[in-house]
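One structure is given below, encoded as structure tokens.
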Amino acid sequence: MSNRITAFLVHWAATSLSLWAATRVFSGLHFTDGEALLISALVLGLANASVKPLLIVLTLPLTVFSLGLFLLVINGLVLMMVASLVEGFAIDGFGTALLASLFISFLSTFIAGFVPGSGSQVRVHWQRGDDDDNDSSQPPTRR
């Protein structure tokens, strides 16, 4: 399978799982069935790739003036737009959309980061010092 297809599927699965988790955390987020959830994840990915950048450019002065906080509003609006487009997906209000969009963004990025081949891996490098017997609380001595 191509790396692009793998990355797409990983992000779609991460977004789907994040949407499902958001329904457990936020009582104002509703899906009628699993099909609506999967379609919503797909439409949300497409909206984030196409509509969101356009909204960011159009609202750039507001975003700069608010020191980037208006991007949170854009996230909430995009999620509300997806809910209005997908039958079987409902959001009770803008507050729920705003908080749920933050939750979904963080969780899907976190999940995708731990999947090899997703294109957004989290890498942790642990480097040990040359002298393991040294007490780290003491400053190094010159030799």
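The values are calculated or read from the model by the stated rules, or taken from the named source; none is laboratory data. Computed from a predicted model, the values in this text were never measured in an experiment. Every residue, glycine as well, gets a Cβ built from its backbone with ideal geometry; the counts of neighbours run over all protein chains shown.
A single member of Ala7, Ala21, Ala49 is modelled with pLDDT of 95 or more and closer than 21 Å to Thr109 by Cα, and it is Ala21.
Which residues, counting only those in segment 86-97, are touching a Phe, Trp or Tyr at 6+ places or on another chain (Cβ under 7 Å) and either in contact (Cβ under 8 Å) with a residue 60 or more places away in the chain or more than 19 Å from His30 (Cβ to Cβ) (or both)?
So in segment 86-97, the residues touching a Phe, Trp or Tyr at 6+ places or on another chain (Cβ under 7 Å) come out as 88-89, 96.
Matches in segment 86-97: Thr96 only.
When Leu37, Leu29, Leu19 are screened for being buried (at least 18 other Cβ atoms within 10 Å of the Cβ), within 20 Å of Phe114 (Cβ to Cβ) and touching a residue at least 40 places away in the same chain (Cβ under 8 Å), only Leu19 passes.
Which is of a type in the set (Val, Ile, Thr), loosely packed, with under 15 Cβ neighbours inside 10 Å and either farther than 13 Å from Ser105 by Cα or within 16 Å of the chain's Cα centre (by Cα) (or both), of Val78, Val57?
On the way: Val78 fails: loosely packed, with under 15 Cβ neighbours inside 10 Å.
Only one candidate passes the filter, namely Val57.
Is it the case that segment 8-15 has a residue that's aromatic (Phe, Trp, Tyr), surrounded by fewer than 17 Cβ atoms within 10 Å (Cβ to Cβ) and part of a helix (DSSP H, G or I)?
Start the filter on segment 8-15 by keeping residues that are aromatic (Phe, Trp, Tyr), which leaves 8, 12.
Still in the list and also surrounded by fewer than 17 Cβ atoms within 10 Å (Cβ to Cβ): 8.
With the extra rule that they be part of a helix (DSSP H, G or I), the set shrinks to 8.
Yes, there is a match, as at least one residue in segment 8-15 is aromatic (Phe, Trp, Tyr), surrounded by fewer than 17 Cβ atoms within 10 Å (Cβ to Cβ) and part of a helix (DSSP H, G or I).
Taking segment 24-46 as the range and being part of a helix (DSSP H, G or I) and either more than 21 Å from Ser108 (Cα to Cα) or among the hydrophobic types (A, V, I, L, M, F, W, C) (or both) as the test, the residues that pass are Val25, Ala36, Leu37, Leu38, Ile39, Ala41, Leu42, Val43, Leu44, Leu46. Picking from residues in segment 103-116 that are touching a helix residue (DSSP H, G or I) at 6+ places or on another chain (Cβ under 7 Å) and among the β-branched types (Val, Ile, Thr), the one that is surrounded by the most Cβ atoms within 10 Å (Cβ to Cβ) is Ile104. Only one entry of Ala100, Ala83 meets the criterion of being in contact (Cβ under 8 Å) with a residue 60 or more places away in the chain, more than 30 Å from Ser2 (Cα to Cα) and buried (at least 16 other Cβ atoms within 10 Å of the Cβ), and that entry is Ala100.
For Thr141, the conditions (1) over 30 Å from Arg4 (Cα atoms); (2) at pLDDT below 60 are fulfilled apart from (2).
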